[in-house]
Amino acid sequence: MNKFRNPLAFFALTIVGLILFGFINKSESNKGILTMRTTEVQNGIWDNAITIVYEDGKTEKLELKKLKINDLSSNLVLINKTLNEIVAKGYKLISTAEGGGDGINMTTYTFIKE
């Protein structure tokens with residue numbers, strides 16, 4: 001019977017520890033998430049835009065120019081400016097993801113409020 005009590009006690013203490021650990025750093029869970037997505041298109045019906053979703057759910061949309069083969073970086077100045085403005089508001093970049101094809105380039109930036 002002693003062999004059974006020790007693993008059971010260890011298991012119970014582990015569960016209690018995990019539950020308590022979940023409540024230790026509550027300030028981290030109060031940080032807001034901001035998402036910014038850039039969509040750049042050479043042709044087609046997609047919007048060329050920067051779309052920002054703030055932590056309170058409000059959205060902002062900034063228009064970008066249509067991509068041109070000989071000037072792929074024309075929107076980069078506005079994208080860079082917008083990223084700097086977000087960082088200046090106290091957000092930290094935690095993730096980026098990019099995808100696309102057939103003349104469509106989409107990049108998603110995820111920020112957390114510091």
Working from the alpha-carbon coordinates of the range 35-114, get Rg over Rh, Rh being the Kirkwood radius.
-> 0.98
Counting other Cβ atoms within 10 Å, which trypsin sites (Lys or Arg not before Pro) in the range 73-114 have at most 12 and lie in a DSSP loop?
-> LYS89
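Compute the Cα gyration tensor for the range 47-92, then decide on rounded, prolate or oblate, letting a ≥ b ≥ c be the square roots of its eigenvalues: rounded whenever a/c is under 1.5, prolate when a/b is larger than b/c in the other cases, and oblate in all that remain.
It comes out oblate by the Cα gyration axes.
Values in this text are rule-based calculations from the coordinates and carry no lab data. Just so we're clear, the structure is a prediction, and the values are computed from it rather than from any experiment. All Cβ positions, glycine included, derive from the backbone under ideal geometry; neighbour counts span all protein chains shown.
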